[in-house]
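Structure first, then comments.
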Amino acid sequence: MSQYIDGKRREALGTARDLVRDPSNGEVVAEISLAGAEDVDAAVAAARAAFPAWSGATPGERSAVLQRLAGLLEAEAEDLAQTESRQAGKPIRLAREFDVPGTVDNAAFFAGAARTLEGQATAEYSPDHTSSIRREAVGVVGSIAPWNYPLQMAGWKVLPAVAAGNTIVLKPSELTPLTTLRLAELATQAGMPDGVLNVVTGTGADCGAPLLRHPQVDMVSFTGSTKVGRTVLEAAATSAKRVHLELGGKAPFVVFDDADLDAAVQGAVAASLINTGQDCTAATRAIVHRSLHDAFVAGVADLFAAVRLGPTADPATDLGPVISTAHRDRIAAVVERSRAYAKVVVGGTVPGGELARGSYYAPTLVTGADPQSEVVRDEIFGPVLVVLPFDTDDEAITLANDTPYGLAASAWTRDLYRGLRATREIRAGCVWVNDHIPIISEMPHGGMKESGFGKDMSTYSFEDYTVVKHVMFDLTGVAAKPWHRTVFTPPEH
Ligand code: NAD
C-alpha cells in the first residue's frame with residue numbers, strides 16, 4: 001500500500017505501478033502503486049479538512065504528538081535503518097548512525113521547538129492603538145523530497161511544518177518511498193490526527209506537478225535539483241504560493257597553506273564520500289594551496305584506494321552504490337569526458353565481480369581541470385572530488401565563490417583571521433572551519449544563490465512555515481477618530 005491519505009494506507013486510484021529496487025544488487029524491495037492527480041486531490045482534501053483543528057491545537061498538544069513520534073522512531077530505529085539501506089543503497093552503518101538518529105533527534109527537537117513560537121511585544125506604537133503579532137500556520141503545505149536521504153528529508157519537510165500547525169501532503173521520490181510511508185504511520189500511532197500528514201507516492205510529472213499547482217495548497221516546499229526547483233517556482237506562481245526551496249550544491253573545501261594537512265585529507269575523504277557523494281553539502285571542489293596540492297592529492301588518493309566498497313548490509317562497508325545505474329552512467333560520462341582536459345588520479349571505474357550487480361562507482365579524484373570545465377562546475381552527485389590549486393587567499397575565496405551554488409563550504413586553516421575571513425566572504429548557507437558535513441537540529445540548513453532559499457531544521461524554519469499577522473486594537477472607543485480628519489472632516493454634531 002503505497003499511499004497514506006487521511007490516516008490510512010491505500011493504493012493509488014490509477015493502475016500505474018513501479019518497483020523499488022535495492023541499488024546494491026538490483027533486487028526488488030517493494031512494488032508500489034503510483035499516485036496521480038486524483039490521489040493528490042484526495043490527499044489535499046484530507047489536509048485541508050484537518051487544518052482547522054490541528055492549527056487550533058495548543059503548541060503543547062502538537063509537541064506531545066511529536067515527542068511520542070520521536071520515541072516510536074527510536075523504538076523502530078533498526079527496522080528503519082534496514083529499509084533505508086535497502087531502498088537507497090546506503091551502507092547500513094550510515095543508515096544506523098546518521099540517517100535514523102538524525103530524524104529521531106529532529107523529531108525531539110521540533111517537539112520542544114513547537115512550544116517556543118512567539119511574536120514581538122504587544123505595545124502602543126500609535127498612542128490610540130495596541131498592536132500585537134500573531135504567528136499563524138500557513139495552511140496546507142505541498143512538499144516534494146529527493147531520494148538521497150529519504151527519511152531525513154521527509155523529517156526536514158514534515159516536522160517544522162506540523163510543529164507550527166500546518167497540515168501537509170508529502171511526495172517522496174518514487175525511488176525511495178518506504179521509510180516516508182512508515183513515518184506517516186508512526187505519526188498516526190503517536191496521535192497525529194488523520195489528514196495532518198499525507199504521503200502520495202508517484203513520479204514528478206504525474207504526482208509532483210499536480211501537487212505544486214493545486215489551488216488548495218498554500219505553500220510548496222521542495223528539496224531536489226536546481227533544475228526542477230525552477231519549475232517549482234514557475235508552478236507556484238500560478239496561485240502565488242509561498243515557496244521554500246532546498247536545491248543543489250557544489251561545495252568548496254578550501255585548504256590554506258597553514259592547514260593541518262592530515263586533518264584536511266581525512267576530512268576531504270569523509271566529506272566527499274558521505275552517502276557515496278550523493279549529499280547536497282558534500283565536498284566536491286577541494287581548493288588547495290599550491291604548496292600543499294601534491295601532498296593533499298597523494299593523501300586523498302591513498303585513502304580513496306583503501307575505501308571498502310561492498311554489500312550495503314555489511315557493517316564493514318564504507319561505500320555503497322549510487323542510486324541507480326542510470327545515475328551511475330551519468331557520473332561516469334562526466335568523468336570520461338574530463339579525461340580530455342584533466343587527470344583522473346584514482347577511480348573513474350565501475351567495479352566488477354559481485355559489485356557489478358549494483359550501481360557502484362569507484363571513489364574518483366580529478367586534478368588539473370580548468371575551473372570553468374564541466375567536472376568543476378556541474379553538480380555530479382557521486383563519489384567524485386576535483387582538486388584545484390591556488391596561490392593567494394584572494395584567489396581561494398574567488399574560486400570558492402565561482403559557482404552558481406551557495407549551499408555549504410569549508411575552510412581549513414589554523415589562522416584565526418583567515419578562518420574568519422572565509423566564513424564572512426564565502427557565499428554559502430553554512431561555512432565550517434576545520435570540518436565539513438556535521439549538521440545539527442538546532443542550526444539552520446539552507447542555501448544562497450541557486451541553492452535556493454528557506455531554512456530546514458532550527459527555529460528559523462518556523463519563519464518559513466508560519467505567517468506573521470499584525471493585530472491592532474483601537475483604544476479610544478470614539479466614533480470620530482482623530483486620524484479620520486486626514487480623509488474627511490465630519491459635520492459638527
Ligand atoms: P530531483 O530534482 O530530480 O527530484 C526531487 C523530487 O522532485 C523527486 O521527488 C522527484 O520525483 C520530483 N520531481 C521531479 N520532477 C518534477 C516535476 N516536474 N514536478 C514536480 N516534482 C518533480 O532531485 P533528486 O535527483 O531526487 O535529488 C538530488 C538533488 O537534490 C540534488 O540536486 C541535490 O543537491 C538536491 N538536494 C538538496 C538538498 C538541500 O538541502 N539543499 C538536500 C538533498 C538533496
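The values are calculated or read from the model by the stated rules, or taken from the named source; none is laboratory data. Here the structure is a predicted model, which means the values were calculated and not measured. Cβ placement follows ideal geometry from the backbone for every residue including glycine, while neighbour counts extend to all protein chains displayed. In case anyone asks, the SASA skips ligands and DNA or RNA and just uses the protein heavy atoms, side chains included. Shrake-Rupley method; radii C 1.70, N 1.55, O 1.52, S 1.80 Å.
Check region 211-233 and report whether any residue there is near the ligand (Cβ under 8 Å from one of its atoms), basic (Lys, Arg) and over 30 Å from residue 67 (Cβ atoms).
Checked against the condition, which is being near the ligand (Cβ under 8 Å from one of its atoms), basic (Lys, Arg) and over 30 Å from residue 67 (Cβ atoms), region 211-233 yields at least one hit.
From the list 475, 416, pick out the single residue that is open to solvent by 70 Å² or more (accessible area, probe 1.4 Å), hydrophobic (A, V, I, L, M, F, W, C) and free of Cβ contacts under 8 Å to residues at least 60 places away in the same chain.
None of the other options fit; the residue is 416.
What strands (runs of 3 or more DSSP E) completely inside region 397-493 contain at least 1 residues that are of a type in the set (Gly, Ala, Ser) and out of contact with any helix residue (DSSP H, G or I) (no Cβ under 6 Å at 6 or more places or on another chain)?
The qualifying strands (runs of 3 or more DSSP E) are 408-412.
I want to confirm something. Restricting to region 346-367 and keeping residues that are of a type outside the set (Ser, Thr, Tyr) and not in a loop (DSSP other than H, G, I, E, B), which single residue is surrounded by the fewest Cβ atoms within 10 Å (Cβ to Cβ)?
That would be 353.
In region 478-493, what residues are of a type in the set (D, E, K, R) and either open to solvent by less than 90 Å² (accessible area, probe 1.4 Å) or modelled with pLDDT of 95 or more (or both)?
Matches in region 478-493: 481 only.
Yes or no, residue by residue, for (1) touching a residue at least 60 places away in the same chain (Cβ under 8 Å); (2) in a loop (DSSP other than H, G, I, E, B):
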{"position": "35", "(1), (2)": "yes, yes"}
{"position": "40", "(1), (2)": "yes, no"}
{"position": "45", "(1), (2)": "yes, no"}
{"position": "70", "(1), (2)": "no, no"}
{"position": "85", "(1), (2)": "yes, no"}
{"position": "118", "(1), (2)": "no, yes"}
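Tell me which of these residue 41 doesn't satisfy, since it passes every other one: (1) closer than 24 Å to residue 208 by Cβ; (2) modelled with pLDDT under 95.
(2)
Look through 259, 270, 298 and report the one residue that is more than 16 Å from the ligand (Cβ to nearest atom), in contact with a Lys or Arg (Cβ under 8 Å, 6 or more places away or on another chain) and either part of a helix (DSSP H, G or I) or open to solvent by less than 20 Å² (accessible area, probe 1.4 Å) (or both).
Residue meeting the stated conditions: 259.
In region 189-210, how many are assigned to a loop (DSSP other than H, G, I, E, B) and within 12 Å of the ligand (Cβ to nearest atom)?
Counting residues in region 189-210 that are assigned to a loop (DSSP other than H, G, I, E, B) and within 12 Å of the ligand (Cβ to nearest atom) gives 4.
Name the residues in region 434-452 that are open to solvent by 40 Å² or more (accessible area, probe 1.4 Å) and either farther than 25 Å from residue 109 by Cα or small (Gly, Ala, Ser) (or both), would you?
Answer for region 434-452, where residues must be open to solvent by 40 Å² or more (accessible area, probe 1.4 Å) and either farther than 25 Å from residue 109 by Cα or small (Gly, Ala, Ser) (or both): 434, 449, 450.
Could you please let me know if residue 49 is touching a Gly at 6+ places or on another chain (Cβ under 9 Å) and either buried (at least 23 other Cβ atoms within 10 Å of the Cβ) or assigned by TED's automatic domain parsing to the domain that holds residue 319 (or both)?
So residue 49 fails the test.
Specify the residue that is most open to solvent (accessible area, probe 1.4 Å); the eligible residues are those in region 329-345 that are charged (D, E, K, R) and under 31 Å from the mean Cα position of the chain (by Cα).
The qualifying residue most open to solvent (accessible area, probe 1.4 Å) is 330.
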